[in-house]
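One structure is given below, encoded as structure tokens.
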């Protein structure tokens, strides 16, 4: 019989083993990532698991978060599970259904909606999600195979290859960000980008300051004329994937310097040199909508995949009302 586990019942060795063997494993389901969430004041970590015959077969790791003013925070309460569910290859339908039902029961009064953001193929599990009340939301992404440097370079568009060469030729360099002042320089750039162009919520500076010290993080900075002009924050699941969680750059401000392009290249090059299977660009929007971000990512030679998201709306009235306030009223 499957059994839902609380955090104190989860065997850490079994958790690590599941990460090693699961076809849906990502950095975002690791103990390191969960502990990182626990260290932050801007969110509340969530962790649920299920076992069969004494063995861990499924785990959900994510966070609860809300943004802005009192009213906006009330309207934006959400549970986000990056990477989707960590699943054993032989998990039963009963165990997965039990786990999802437990997640809903625990979060239905704490979040307006629950969203699983999938970075692997969950199509075999879609019927179970739908039976439990989740809707499948189409989203696309780019996966870049990083097993051969020459092939990776040749797959990048000619214009992006030129931008990378020129950025290095004319004086910009790739560094690793560890210093707090450099983190704050990066944060100033990315917060400005999110505010003016992306227009979606961003974690506060505390997130990035603690992010920089994690063992499986590569925090790349693009330095030019003595200051940070861009960078990328990547997390690593050994041998499987490097995930480009954050990326930004002051593009167009300096002749021959392309910080955003070089920041993505920094992560890709690291993935190749570290014998990681792929570079995950972590999202390119809706399949039927083109955007500048999607066009930018498409130039790096990745394969377009559609793994989508699973969405459960806990309160349909507040969900619709929240979308109105956030998207229309802009509070």
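The values are calculated or read from the model by the stated rules, or taken from the named source; none is laboratory data. Just so it is clear, the structure is predicted and the values come from calculations on it, not from any experiment. Here Cβ is always computed from backbone atoms with ideal geometry, including for glycine, and neighbour counts include all displayed protein chains.
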Every listed condition ((1) over 26 Å from residue 211 (Cα atoms); (2) surrounded by fewer than 18 Cβ atoms within 10 Å (Cβ to Cβ); (3) at pLDDT below 95; (4) touching a helix residue (DSSP H, G or I) at 6+ places or on another chain (Cβ under 9 Å)) holds for residue 320 save (4)
Counting only residues that are farther than 13 Å from residue 231 by Cα, in contact with a helix residue (DSSP H, G or I) (Cβ under 6 Å, 6 or more places away or on another chain) and in contact (Cβ under 8 Å) with a residue 24 or more places away in the chain, the range 181-213 contains a total of 1
If we keep only residues of the range 64-90 that are farther than 30 Å from residue 195 by Cα and surrounded by fewer than 22 Cβ atoms within 10 Å (Cβ to Cβ), then the residue farthest from the chain's Cα centre (by Cα) is 90
Note to self: Take residue 42 and tell me if it is farther than 25 Å from residue 121 by Cα and not in a helix (DSSP H, G or I).
What the structure shows: yes
Given the criteria at pLDDT 95 or above, over 25 Å from residue 38 (Cβ atoms), in the same structural domain as residue 247 (by TED's automatic domain parsing) and not in a helix (DSSP H, G or I), does residue 175 qualify?
yes
Here the residues within the range 244-257 that are within 14 Å of residue 222 (Cα to Cα) and surrounded by 24 or more Cβ atoms within 10 Å (Cβ to Cβ) are 247, 248, 249, 257
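So that you can scan it fast, the table gives a plain yes or no per residue for (1) over 23 Å from residue 101 (Cα atoms); (2) crowded, with 19+ Cβ neighbours inside 10 Å:
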| site | (1), (2) |
| --- | --- |
| 7 | no, no |
| 16 | yes, no |
| 24 | no, yes |
| 27 | yes, yes |
| 31 | no, no |
| 36 | yes, yes |
| 39 | yes, no |
| 48 | no, yes |
One residue is enough: does the range 298-307 have a residue meeting the conditions outside any helix (DSSP H, G or I), within 18 Å of residue 115 (Cβ to Cβ), in contact with a helix residue (DSSP H, G or I) (Cβ under 9 Å, 6 or more places away or on another chain) and in contact (Cβ under 8 Å) with a residue 40 or more places away in the chain? yes
Exactly one of 93, 106, 130, 52 is surrounded by fewer than 19 Cβ atoms within 10 Å (Cβ to Cβ), out of contact with any strand residue (DSSP E or B) (no Cβ under 9 Å at 6 or more places or on another chain) and modelled with pLDDT of 95 or more, and that one is 93
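Conditions tested, residue by residue: (1) surrounded by 15 or more Cβ atoms within 10 Å (Cβ to Cβ); (2) on the phi > 0 side of the Ramachandran plot; (3) out of contact with any strand residue (DSSP E or B) (no Cβ under 8 Å at 6 or more places or on another chain).
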position: 163; (1), (2), (3): yes, no, yes
position: 188; (1), (2), (3): no, no, yes
position: 192; (1), (2), (3): no, no, yes
position: 205; (1), (2), (3): yes, no, yes
position: 219; (1), (2), (3): yes, no, no
position: 224; (1), (2), (3): yes, no, no
